[in-house]
Amino acid sequence: MRTLFLLLFLFLFLDAQSQEIEVDLSYKYIFANNWDKAIQSYNFSRPFLTEKQPLFIHGINGSASYIFNSENKFKQGINASYSHFSSYAENVNFVNQLNLHFLNIGYILRYENTERLRGLTTDFILSASSSALFRNVNDAPFIYDETRSKAFGIGGDLSIKTSYSFNLKNNIRLSPFIQVGYTPYLYSPNTEAVINQTRGLASPKFTGVFTSQVGLKVRVR
């Protein structure tokens, strides 16, 4: 989250002639099939656990965007977003928590027709996506192979974001939005080792990631 605030701070010092600066907060749903398989394998191999490890499903997302000045219906911009997901299971004398983080840096192509569809915007966002997965056991970092258990990943994401804006003041607008995204190939070779302490047994070294979001953004001209 600190990285997102830093990027937002940098956006505020960009050229004052920019079209808009935007910030948003949203609920985010995730489906990553190969990571689900790793968690399901973890649960299957530990039948003694009363509370099973949940899949990664629900999370939060925050993002900041900078839209360049243009008189055309198509505008361009840059975007940075941060997402967090957690999987938490508490059993007797054993608390296992997985924390999954995403940081995306991307390019925006925006379509906005102020004549026919005033207030409605559609963004096509192409991003470089990075992930980081950490595991804690009993509120302490889990040590595996004499180092902290962690897994990093990298891939490319394409998403579509549609919003409708309401004027609050002359230069400020509030916009509810929906967004869907897909990462066809996110390479993260150590994810299974973090989740299940195995390699290549339950899932490959990559996964596809589907996401959807519902949230609110503030647009400042």
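The values are calculated or read from the model by the stated rules, or taken from the named source; none is laboratory data. Just so it is clear, the model here is predicted, and its values are computed rather than measured. Cβ placement follows ideal geometry from the backbone for every residue including glycine, while neighbour counts extend to all protein chains displayed. For the accessible areas, the whole protein counts, side chains as well, though only heavy atoms, and no ligand, DNA or RNA atoms are used. Shrake-Rupley method; radii C 1.70, N 1.55, O 1.52, S 1.80 Å.
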Kindly evaluate Asn104 against the criterion of being open to solvent by less than 50 Å² (accessible area, probe 1.4 Å), in contact (Cβ under 8 Å) with a residue 24 or more places away in the chain and closer than 23 Å to Pro54 by Cβ. no
When every residue in the range 110-119 that is open to solvent by less than 60 Å² (accessible area, probe 1.4 Å) and either aliphatic (A, V, I, L, M) or part of a strand (DSSP E or B) (or both) is compared, the one farthest from Pro184 (Cα to Cα) is Glu112
Residues of the range 35-73 being of a type in the set (A, V, I, L, M, F, W, C) and in contact with a Lys or Arg (Cβ under 7 Å, 6 or more places away or on another chain), in sequence order, are Ile60, Ile67, Phe68
How many residues of the range 138-173 are within 25 Å of Lys205 (Cα to Cα), more than 24 Å from the chain's Cα centre (by Cα) and either of a type in the set (Val, Ile, Thr) or not in a strand (DSSP E or B) (or both)? The answer is 4
Taking the range 183-217 and the residues there that are over 16 Å from Leu133 (Cβ atoms) and modelled with pLDDT under 95, the one that is least open to solvent (accessible area, probe 1.4 Å) would be Gly200
Subset of the range 38-94, residues among the charged types (D, E, K, R), open to solvent by 90 Å² or more (accessible area, probe 1.4 Å) and within 15 Å of Arg135 (Cβ to Cβ), comes to Glu90
Exactly one of Ser165, Ser131, Ser149, Ser127 is touching a Pro at 6+ places or on another chain (Cβ under 8 Å) and not aromatic (Phe, Trp, Tyr), and that residue is Ser149
Among residues of the range 165-179 being open to solvent by 70 Å² or more (accessible area, probe 1.4 Å) and among the aliphatic types (A, V, I, L, M), the residue farthest from Asp145 (Cα to Cα) is Leu168
